[in-house]
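Scroll down for the structure; my scribbles are underneath it.
The values are calculated or read from the model by the stated rules, or taken from the named source; none is laboratory data. Please read these numbers as outputs of a predicted model, since none were measured by experiment. Please note: Cβ atoms are built from the backbone with ideal geometry, for glycine as well, and neighbour counts cover all protein chains shown.
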Amino acid sequence: MTKIFTKNLLVLAAASLTFCSQQLYAQTSDSDNLSDEPKNIVKWNVAALITKSYSFQYERAVSNNIAVALGYRNMPKSSIPFKGTINDAVDDLQTERTIDNFKTSNFAITPEVKFYLGKKGVFHGFYLAPYVSYAKYSGEGPFQFDIPQLNRTETMFFKGDINTYTAGLKLGAQFQLSKLIYLDWWIIGPNYGSAKGDLYAQRNSNALEQQVIKQEIDDLIDDLPLIKASSTVDANGANIRIKGPWAGVRGGLNVGFRF
């Protein structure tokens with residue numbers, strides 16, 4: 001019930017932002033005193049390369065102090081970003097081993113409305129930007145577990161997807177470097193919403209193996225920060241279900257071209 005309510009709330013927020021941008025555009029007229037300068041900017045978030053991601057944004061001015069933007073982010077399949085930092089927060093060798101061998105990819109779509117606060121107007125200075133975002137995370141990797149009673153180590157291969165819906169507010173500042181080149185600093189943009197997804201693995205297991213697998217998985221997900229998860233194990237395999245709140249922070253440094 002909470003998931004349905006949160007998802008509907010985020011969909012409503014996205015629709016509201018879209019309606020807002022349409023209304024702002026419809027109200028744009030000669031009285032807005034918009035200049036004859038180009039009203040579009042395309043940007044590349046170079047800071048996203050740190051997280052092995054490619055992030056771009058298109059922004060369009062709709063009035064003297066307001067613009068609408070649409071962002072796209074893609075991370076090709078690779079190891080988990082900052083896995084060393086994550087492992088430092090984990091004190092379990094099995095969890096560290098799983099993180100080291102896990103591969104992940106993701107993409108996100110993020111519409112937003114930007115309200116510029118300074119006297120120079122749109123594309124200049126500090127701004128506030130309410131936004132909504134949809135992201136899909138995919139992951140796969142081996143999971144090893146020990147069976148002390150049989151004195152052996154086994155491996156299962158998990159894979160699956162997690163879908164997230166969040167809304168947030170970003171504080172940023174944009175600077176004109178030359179006639180057509182801009183620098184957009186996403187200072188901070190906290191967001192909150194919900195996530196749902198599954199990671200699953202197929203394996204024929206007897207009762208003893210199921211008990212061991214269940215305990216090993218529960219130990220793993222209990223050690224993971226910022227994620228709420230549960231597991232089920234049966235004779236045919238195992239499933240890790242992600243369902244609950246999801247939070248994050250947007251940030252970045254974008255180089256833009258105005259046209």
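Screening GLN211 on (1) over 13 Å from ILE240 (Cα atoms); (2) in contact (Cβ under 8 Å) with a residue 24 or more places away in the chain; (3) not acidic (Asp, Glu) shows it passes everything except condition (2). Summed over region 115-159, residues that are closer than 19 Å to ASP218 by Cβ and of a type in the set (Asp, Glu) total 2.
So in region 111-126, with the set limited to residues that are free of Cβ contacts under 8 Å to residues at least 60 places away in the same chain and part of a strand (DSSP E or B), which one is nearest to ILE41 (Cα to Cα)?
Start the filter on region 111-126 by keeping residues that are free of Cβ contacts under 8 Å to residues at least 60 places away in the same chain, which leaves 114-121, 124-126.
Retained after the next criterion (residues that are part of a strand (DSSP E or B)): 114-116, 125-126.
Working: LYS114: 13, PHE115: 15, TYR116: 15, GLY125: 15, PHE126: 16 Å.
Among those that are free of Cβ contacts under 8 Å to residues at least 60 places away in the same chain and part of a strand (DSSP E or B), it is LYS114.
Identify, please: which residue in region 147-157 is aliphatic (A, V, I, L, M) and farther than 25 Å from PRO76 by Cα and is, among those, surrounded by the fewest Cβ atoms within 10 Å (Cβ to Cβ)? Reasoning before the result, please.
The first filter runs over region 147-157 and keeps only residues aliphatic (A, V, I, L, M), leaving 147, 150, 156.
Keeping just the survivors that are farther than 25 Å from PRO76 by Cα gives 147, 150.
Numbers: ILE147: 15, LEU150: 11.
Applying the filter and picking the extreme gives LEU150.
Of the residues in region 226-248, not one is among the acidic types (Asp, Glu), within 16 Å of PHE158 (Cβ to Cβ) and surrounded by 14 or more Cβ atoms within 10 Å (Cβ to Cβ).
Check SER231, SER194 and return the single one that is of a type in the set (Gly, Ala, Ser) and free of Cβ contacts under 8 Å to residues at least 40 places away in the same chain. Sole residue among the options that is of a type in the set (Gly, Ala, Ser) and free of Cβ contacts under 8 Å to residues at least 40 places away in the same chain: SER231. Here ASN191 meets each of (1) touching a Gly at 6+ places or on another chain (Cβ under 6 Å); (2) among the polar types (S, T, N, Q); (3) loosely packed, with under 15 Cβ neighbours inside 10 Å with one exception, condition (3). Just wondering, is there one or more residues in region 169-187 that are modelled with pLDDT of 90 or more and farther than 24 Å from VAL42 by Cβ? There is no residue in region 169-187 that is modelled with pLDDT of 90 or more and farther than 24 Å from VAL42 by Cβ. Taking region 174-259 and the strands (runs of 3 or more DSSP E) fully enclosed by it, the elements with 1 or more residues that are touching a strand residue (DSSP E or B) at 6+ places or on another chain (Cβ under 9 Å) and within 18 Å of ALA108 (Cβ to Cβ) are at 181-202, 237-258.
Residues checked against (1) touching a residue at least 60 places away in the same chain (Cβ under 8 Å); (2) more than 20 Å from TYR131 (Cα to Cα); (3) basic (Lys, Arg):
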{"position": "ASP146", "(1), (2), (3)": "yes, yes, no"}
{"position": "THR155", "(1), (2), (3)": "no, yes, no"}
{"position": "THR164", "(1), (2), (3)": "yes, no, no"}
{"position": "GLY172", "(1), (2), (3)": "no, no, no"}
{"position": "TRP186", "(1), (2), (3)": "yes, no, no"}
{"position": "ASN204", "(1), (2), (3)": "no, yes, no"}
{"position": "ASP219", "(1), (2), (3)": "yes, yes, no"}
{"position": "ASN239", "(1), (2), (3)": "no, yes, no"}
{"position": "ILE242", "(1), (2), (3)": "yes, yes, no"}
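Report yes if some residue within region 23-34 is at pLDDT 60 or above and either crowded, with 16+ Cβ neighbours inside 10 Å or not charged (D, E, K, R) (or both); otherwise report no. Before you say what the answer is, go through the steps one by one.
First, the residues of region 23-34 that are at pLDDT 60 or above: 34.
From what's left, either crowded, with 16+ Cβ neighbours inside 10 Å or not charged (D, E, K, R) (or both): 34.
Looking through region 23-34, at least one residue is at pLDDT 60 or above and either crowded, with 16+ Cβ neighbours inside 10 Å or not charged (D, E, K, R) (or both).
Where residues in region 124-146 are surrounded by fewer than 16 Cβ atoms within 10 Å (Cβ to Cβ) and either within 17 Å of the chain's Cα centre (by Cα) or not charged (D, E, K, R) (or both), which of them is farthest from VAL212 (Cα to Cα)? Applying the filter and picking the extreme gives PHE126. For region 158-173, taking the residues that are within 17 Å of THR110 (Cβ to Cβ) and of a type in the set (Gly, Ala, Ser), the one that is surrounded by the fewest Cβ atoms within 10 Å (Cβ to Cβ) is identified as ALA167.
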